[in-house]
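Each remark here refers to the structure printed beneath this line.
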Amino acid sequence: MEREKIIEVKDLTKSFGDFTAVKSITFDVYKGEIFGFLGANGAGKTTAMKMLIGISTPTSGSATVGGFNVFTQADLVKRNIGYMSQKFSMYDDLTIKENITFFGGIYGLSRKQIKEKIKQVLVELDLEQVANNLVGSLPLGWKQKLAFSVALLHEPKIVFLDEPTGGVDPITRRQFWELIYAEANKGTTIFVTTHYMDEAEYCNRVSIMVDGTIEALDTPKNLKEQFNVDSMNAVFLKLARNIE
Amino acid sequence: MGISVKNISKSFKKVKAVENISFEVAEGELFGLIGPDGAGKTTLFRILTTLLIADEGQATVADYDVVKDYKSIRKSVGYMPGKFSLYQDLTIEENLTFFATIFGTTIEENYDLIKDIYVQIEPFKDRRAGKLSGGMKQKLALCCALIHKPKVLFLDEPTTGVDPVSRKEFWEMLKRLKEKGITILVSTPYMDEAALCDRIALIQDGKILEIETPQNIVANYSHKIYNVASHDIYNLLLDLKSYPTMHSVYAFGEFVHYTDKETNFIPADLVKYLLEKNHSDVEVHLTNATIEDVFMELASSNKSN
């Protein structure tokens, strides 16, 4: 069975002056897949991700995301994906309801749709009691779970998660991954970066970027076999240590 | 005594950031505060480095009282806050010289202490701190915190957001500092780093859940933990959660960690149950607890109390 490709990247390159941050990377992501995008600090992950979400124009190569070209249809890319990062997710000084309304509006949902979504999100995350509390007053773990739901408001086919669980307590971190699993189970493609190597094991496939290139891409199981180690942490250390 | 904390509490308006915390860190010990964001780690650091006054309790650092002797403490501790706090528009060398001068010393005088770390950033010593990568900023901040040869070193989440390779290197540096006799209090949200400390305090919601050596924390864990695997992790999690005698179910890398309420639990029964739920490639076998297992067990029983 031929699997449907939802992200297609070919020879994608980004240079800043004479520094090449991303060097001709090529990979595909399939529909409904949880794709882990790993790499050391400074390996080029963020630069690559910025190109895929349509906020940075590549220097050369090609990429389509959800069928849209990142060079010529960046706006359509942005409209059709979900995105959440650890650094910015929601407005602390708006309430939970206001944040959902705001982001629903940004994504072009109708008033009626927004109303339904508010109800749905509050029930799903068990936040009905605190719907009118400021987001800033929520514990980090709750905030991140809510941010994930907000990134999914417009029911995108792909959602990009940039270190979604940094600093979150271990129980909430796992609850967050259960939300990811549930969403992938519905057919949504998940593109996720993380520094927690146990989370790399939860992905269907994992790519590891070293120094601007993709040095490895496979299922966690195959990567461990290939490098003859018993954890993704060891795979990562082996790969990232070998560069000089 | 390196650090002594007795019944320290601190609230901000209605939020109890730190609640009746006590612990001691011996001279030359590497002590870890392990807990997620919002656990109260930074508040505790700020109290111990004399930047914040506790509502209740006493604390000493290098045998100085944090309130009465705050000036002596400031001279004898190094503090690396979680947020990068050096001068972005000074170069590496200028930052280091600045901190050395403030403490009445020179880079040369204590060079042996920072040498291991400084040689890694020395090739870029004329670069402004604001232009450094995350890993290099972290190394510079550590050098600046060490330049006056402190007796006690405070490191607030030095490895947060840092990749596994740089994290490993950072902990190797800490080990070498410890060998030089410096008392170190370090906080981290990464449970795997806890194993590298002499002793750790697990902390959540302003309270200490347990203080022990990493080895004992794991050894004292009371449940038998099973690694469970099947072809479909998502449904495996759901099905395990509805197993009648389930005590806890947590995803752990390629396996799910499962504990049962019953002491006479029979793994074969669980295998049968999972096969009936249409799982294939089912595996159930005993495994060892990790610090993260213990943390989650303590945190969930703490919450339900």
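A compact table of results
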item	result
Where only alpha carbons of segment B:84-185 are counted, the Rg and the Dmax (Å)	12.7, 36
Nearest 10 degrees, 0 to 90: helix B:267-276 Cα axis against chain B principal axis	70 degrees
Helix-derived mean residue ellipticity, 222 nm - over chain A, DSSP H n ≥ 4, -39500 (n - 2.57), to 500	-11000 deg cm²/dmol
Packing-based order for A:207-216, A:142-151, using average beta carbon neighbours within 10 Å, highest first	A:142-151, A:207-216
Peptides B:18-30, B:191-203, A:217-229 ordered by average Cβ neighbours within 10 Å, highest first	B:191-203, B:18-30, A:217-229
Segment A:189-244 - accessible surface per residue (Å², probe 1.4 Å)	41 Å²
Summed buried accessible area for A+B [probe radius 1.4 Å, Å², rounded to 100]	2500 Å²
Protein accessible area in chain B, 1.4 Å probe - carbon and sulfur %	49 percent
Neighbour net charge for residue A:23 - beta-carbon separation under 12 angstrom, K R +1, D E -1	-2
Solvent-accessible heavy-atom area per residue, rounded to whole Å², over segment B:1-95 at 1.4 Å	50 Å²
Shielding by partners, peptide A:45-56 (average Cβ within 10 angstrom, other chains)	0
Segment B:2-93: relative contact order as a whole-number percent, Cα under 8 Å and 6+ apart	28 percent
Within 10 Å of each Cβ in A:163-173, the average number of Cβ atoms from other chains	6
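The values are calculated or read from the model by the stated rules, or taken from the named source; none is laboratory data. Predicted model, so just to flag it, every value in this text is computed and none were measured. Note: ideal-geometry Cβ built from the backbone for every residue, glycine included; neighbour counts use all protein chains shown. Areas reflect the complete protein model, heavy atoms only, side chains present, ligands, DNA and RNA absent. Shrake-Rupley method; radii C 1.70, N 1.55, O 1.52, S 1.80 Å.
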